[in-house]
Amino acid sequence: MCRERIKKQDQFDNLDKHMQWGIEFVERYNKFVKDRTDIEINYAKQLRNLSKKYQPKKNSREEEEQKFTSCRAFQTLLNEMNDYAGQHEVIAENMSGLIFAELARYIQELKQERKMHFQEGRRAQQHIESCWKQLEASKRRFERDCKEAERAQQHFEKMDADLNVTKADVEKARQQALTRHQMASDSKGEYCSILQSFNKEQHEHYYTNIPNIFQKIQDLDERRIVRIGDSMKTFSEVDRQVIPIIGKCLDGITKAAESIDEKNDTQLVIEAFKSGFEQPGDVEFEDFSQTMKRTVSESSLSSSRPDGKQDSKSGKSKGKLWPFIKKNKGSGPEDFSHLPPEQRRKKLQQKIDEINKEIQKESDQRDALTKMKDVYIKNPQMGDPNSVDPRLAEIGQTIEKLRQESQKFEAWLAEVEGRLPAKTDQGRRQSEMYELQSSAVNNCAQDRESPDGSYTEEQSQDPQLKVAAQNEFDDEFDDEEVLASIGTCKAMYPFEGQNEGTITIAEGETLSVIEEDKGDGWTRVRRNEDEEGYVPTSYVEVYLDKSVKGAMTYI
C-alpha cells in the first residue's frame with residue numbers, strides 16, 4: 001500500500017515536470033517569433049534606407065536623368081522597394097500583435113492554471129497522506145491496547161491461581177483485566193471505523209480526485225499543443241497575406257524594366273548633344289608638284305598666294321577665331337555664343353523659360369499686393385494703403401528689367417533659329433563669328449601638315465572684323481588666370497597652330513591638359529608652364545587624372 005502510494009506520488013511529480021517543460025517550450029517558441037519580428041523590422045528599415053539613399057536629390061543632375069526611361073525604371077524600382085519594405089513592416093506588426101502578444105498572455109494564463117491544478121493535486125495528496133497517518137495511529141493504538149489486555153488477563157489468571165493472594169487482590173486484577181479488554185475493544189472499533197473511512201477516501205482519491213486532476217492537466221497540455229499549432233498556422237498566414245502585394249511590387253519592377261526604351265534614351269542623348277554643325281566638305285587636293293616662282297623680297301613675304309590662300313610662313317591667320325575665344329568664368333558668354341548652334345538654342349530657350357518664371361512669380365506678388373491694397377482702401381483700420389506702394393513700384397521695376405532681359409534673349413534665339421535678322425552691330429558680329437566658327441570646324445581636317453611642312457587655310461575677307469576679333473581675343477586673354485593641370489595628353493599627329501589661340505604640337509609630344517573638350521572639338525593644353533593654347537581633340541590622346549582612370553581617346 002505504501003509503495004503504491006509512493007508510486008502515484010512519483011507520477012504526479014513527473015507530470016509537474018512535463019507541464020513545466022511545456023510552458024518553457026511555448027516561451028522558447030514565442031522568443032523565436034519575437035526575434036523574427038525584430039529581423040523583419042530591421043530588414044524593412046534597411047530597405048527603406050536603401051531606397052532613400054538612391055533617390056534622386058533635388059536640384060541635381062540626377063533629376064535631369066529622369067527623362068531617360070532606364071532612370072525612370074530605376075526610380076520605379078526604388079518606389080516599389082519602399083512598398084516592399086512596408087509589407088515586411090506589416091509582417092512584423094502582425095506577428096507582434098497576433099502571435100507574440102497573444103502567446104505572452106496565454107503563457108501567463110497557462111502558468112496560473114498549471115499552478116492551480118498542481119496545488120489541488122498536492123492538497124489531495126496531503127489529505128490522503130493525513131488519512132493514512134490517522135489510520136496507522138489507530139492501528140498502533142489498537143495493537144497496543146490488545147497487548148495490554150492480554151498482559152492484564154495473564155496477571156489476573158496468575159493471581160487467581162495463587163493461594164497466598166488475598167481475594168481483594170484477585171478482584172483488583174480481574175477488574176484491571178476487564179478494563180484493558182474494554183479499551184482494546186474500543187480501539188478495535190475506532191480502528192475499524194477509521195479503516196473504513198480511509199478506504200473510502202483512498203478509493204475516492206485514486207479513482208475520482210487524482211484522475212480528475214490528471215484529466216485537467218491533460219486538457220491543459222492538449223490546449224497548449226493546439227495553441228502552438230494554431231500559432232504556427234498564423235505564422236504562415238501572416239507571410240501569405242502579404243504575398244499578393246509583394247507580387248504586385250515585383251510585377252511593378254518587371255513592368256518598369258520592360259518599359260525601358262533604348263532607342264528613346266539614345267535619341268534623347270542625340271537631341272541633348274547635337275551641335276547643329278554641318279558636315280565638313282571634301283578635302284581639296286593641293287598640288288605642290290608645279291614649280292612656283294617665289295621672291296625673297298620683303299613684299300613677297302606678306303603678299304597673298306596666287307590661289308587666294310595665305311602663305312603658311314606669312315603669319316597666323318586671324319580668320320578662325322570662334323573656337324578659341326576664351327570662355328567666361330561660369331557658363332560662358334551671356335548669349336552662349338561659345339556653344340554650338342543647337343546647344344546655344346537650347347540654352348537660350350532655357351534662359352527665356354527661367355526669366356518667364358521669374359516674371360510670373362513677380363506678377364503673382366504684384367497681384368497679391370494689389371488685392372491687399374484694395375482691402376486696406378475699403379477697410380482703413382486694417383492698414384495704410386500707401387504702405388504697399390513702394391513694394392509695388394519695386395516689383396514693377398523688377399518685372400520691366402526681366403522683360404528687357406527676356407526680349408534680349410529672344411532676339412538672340414530668333415537670330416539662332418534664323419527667324420529674325422541681326423539688328424545690331426553686336427548681333428551682326430556674333431552671326432559672322434558663328435560663320436567663322438563653322439568654317440573652322442568644317443576645315444579642321446585641312447589644317448594637317450602637308451608634305452613640305454607648310455599649311456594652307458582661308459584668309460578672312462574682312463580685315464576690320466579680323467582686327468576687332470583680334471582685339472576682343474587679346475582683351476579676353478589679358479586677364480586670364482593660370483589654370484591648373486587636369487591631366488596630360490600625347491599628340492598622335494603633328495599640328496601647326498595657324499589660328500589665334502592655337503598652339504603648334506609635334507607628333508609624340510606630351511603636354512599638360514588644362515581644359516577639357518567642351519563639345520566644340522578643341523582641347524586646351526599647356527607646354528612648359530608658359531605656352532598654352534588649343535589643339536584639335538582628334539589629334540591628341542587625353543589622360544585625365546581624376547575623372548578618367550585609363551586612357552581616353554577622343555576620335
Rg to Rh, two decimals, where segment 74-129 supplies the alpha carbon set and Rh follows Kirkwood:
1.57
Under-5 Å amide H pairs with Glu509, H placed in peptide plane, nonlocal only
Ala491
Pseudo-spin-label distance Thr504 to Phe285, built 7 Å along Cα→Cβ, given in nm, is 2.9 nm
Modelled FRET efficiency - R0 51 Å, Lys133 with Lys31, Cβ distances, 0.05 increments
0.65
Karplus (6.51, -1.76, 1.60) ³J(HN,Hα), θ = phi - 60°, over segment 167-183, in Hz, Gly and Pro reported as x:
5, 5, 5, 5, 4, 5, 5, 5, 4, 5, 5, 5, 4, 5, 5, 5, 4
By accessible area with a 1.4 Å probe, ligands and nucleic acids excluded, highest first: order of Cys146, Cys249:
Cys146, Cys249
Where in segment 119-133 does the amide nitrogen come within less than 20 Å of the point 7 Å from the Cα of Ser197, taken along Cα to Cβ?
123-133
With a 1.4 Å probe and all protein chains kept in place, how much accessible area does Ile270 have, in Å² rounded to the nearest 10?
90 Å²
Accessible surface of Ile243 - all protein chains present, 1.4 Å probe, nearest 10 Å²
100 Å²
Let me know the shape class of segment 34-188, please: from the alpha-carbon gyration tensor, a ≥ b ≥ c as square roots of the eigenvalues, rounded when a/c is under 1.5, otherwise prolate if a/b is greater than b/c, or oblate.
prolate
Set the Förster distance to 35 Å, then compute FRET efficiency between Lys58 and Glu417 from the Cβ-Cβ distance, nearest 0.05.
0.65
Mind jotting down the distance between the C-alpha centroids of segment 121-163 and segment 31-62, whole Å?
84 Å
What ³J(HN,Hα) values, in whole Hz, does the Karplus curve 6.51 cos²θ - 1.76 cosθ + 1.60 give for segment 405-412 when θ = phi - 60°, with x put for Gly and Pro?
4, 4, 4, 4, 5, 5, 5, 5
What figure, in Å² to the nearest 10, do you get for the accessible area of His338 with a 1.4 Å probe and non-protein molecules left out?
30 Å²
Largest to smallest accessible area among Cys192, Cys131 [probe 1.4 Å]:
Cys192, Cys131
Sorted by accessible area with a 1.4 angstrom probe, largest first, how do Met183, Met19 fall?
Met183, Met19
Just how large is the dipole of segment 143-234 about the Cα centre, in debye to the nearest 20, putting +1 at every Lys and Arg Cβ and -1 at every Asp and Glu Cβ?
360 debye
Just grab the label-to-label distance for Tyr43 and Gln218, each label 7 Å out from Cα along the Cβ direction, in nm (one decimal).
4.2 nm
Measure of compaction for segment 213-260 (Cα Rg per 2.2 N^0.38 Å):
2.19
Rg/Rh over Cα atoms for segment 157-231, Kirkwood Rh, comes to 1.66
Distant-in-sequence amide H partners of Val540 (H built 1.01 Å from N, under 5 Å):
Met492
Can you compute the FRET efficiency between Met382 and Glu334 using 1/(1 + (r/R0)^6), with r the Cβ-Cβ distance and R0 = 45 Å? Round to the nearest 0.05.
0.50
Counting only residues 5 or more apart in sequence or on a different chain, those whose built amide H sits under 5 Å from that of Trp522 are Thr537
Segment 152-257: GluC sites (Glu not before Pro) in DSSP coil with no more than 14 other Cβ atoms inside 10 Å:
none
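The values are calculated or read from the model by the stated rules, or taken from the named source; none is laboratory data. Just so we're clear, the structure is a prediction, and the values are computed from it rather than from any experiment. Glycine gets a Cβ as well: all are built from the backbone with ideal geometry, and neighbour counts include every protein chain shown. Surface accessibility is based on the protein's heavy atoms, side chains included, excluding ligands, DNA and RNA. Shrake-Rupley method; radii C 1.70, N 1.55, O 1.52, S 1.80 Å.
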